[in-house]
Every structure is written in C-alpha cells, then in structure tokens.
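Working notes for the structure below.
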Amino acid sequence: MSTLNPAAAADHAHDDHHGHPEPSFVRKYIFSTDHKMIGIQFLITTLFMLLVGGALALGVRWQLAWPWQNMPGFGQLFGGEGGQISPEFYTMLFTMHATVMIFLVIIPILAGAFGNFLI
C-alpha cells in the first residue's frame, strides 16, 4: 500500500489555476455560461426595463393629472400638438406601459432572474 506524502499533497492543493487564464470582463460578465451570472444579467436588464415602464407610467399619470397641458421635457419628443398628449398617444402610452411591465419586467424577473439565480 502506498503512503500519501502530505507535503506533495499540500503543494498540489494550492495550485488552483491549472493553466487557465483569468477570463476578461466581457467573457465573464457578458458572454457567461454560469447560471448565477445569467440570473444577475436578467435582474439588471429587468431593473432597466422597470425604469422604462415607470417613465411610461409617468406619461400616463401626467395626462390624468393635467389633461391637454404641455408635457415638460418629453412633450416635444413625442410629437403631437405642441407637446400635448392626444387621446391616441395616451392609449399608446398605456398599452406600451402594460406590455413592458408584463413581458419585460414581471415574466423575466420571475423566470429568468430568480429561476437562474436560485437553481
């Protein structure tokens, strides 16, 4: 029967690299195949989409609070009659808010972020 040399085992146990270089930022965080990192990517993207959906909700609330008033900042970007929110544009804002919040926030955060991170 052979005996184990503790000094040789200790030298080999601390050799964690085994010739593999440290992955770059892009490879580690963007093109990762690690399920934990993919869950974090889903979470970050979902939080960004939450901000987009929140901005759309602010447009809806602006119309409800001050109908036919100029919308500061965003009014000229959206077109319309001098920055005012038309009924058609209000419907579009409401629909896009719902679509973003359901399909780009709720479903990805439940299935993608929590599903991948908690495996």
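The values are calculated or read from the model by the stated rules, or taken from the named source; none is laboratory data. As the structure is a computational prediction, the values presented were derived from the model and not from experiment. Cβ coordinates were reconstructed from backbone atoms using ideal geometry, including for glycine residues, and neighbour counts include every protein chain displayed.
One table, with the values for the structure above:
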quantity	calculated
Wholly enclosed helices (runs of 4 or more DSSP H) of the range 23-119 bearing at least 3 residues loosely packed, with under 15 Cβ neighbours inside 10 Å and modelled with pLDDT of 90 or more	35-65, 87-101
Long-range neighbours under 7 Å by Cβ, at least six apart or interchain, first residue under 12 Å from L50 (Cβ atoms) within the range 103-119, second outside any helix (DSSP H, G or I)	none
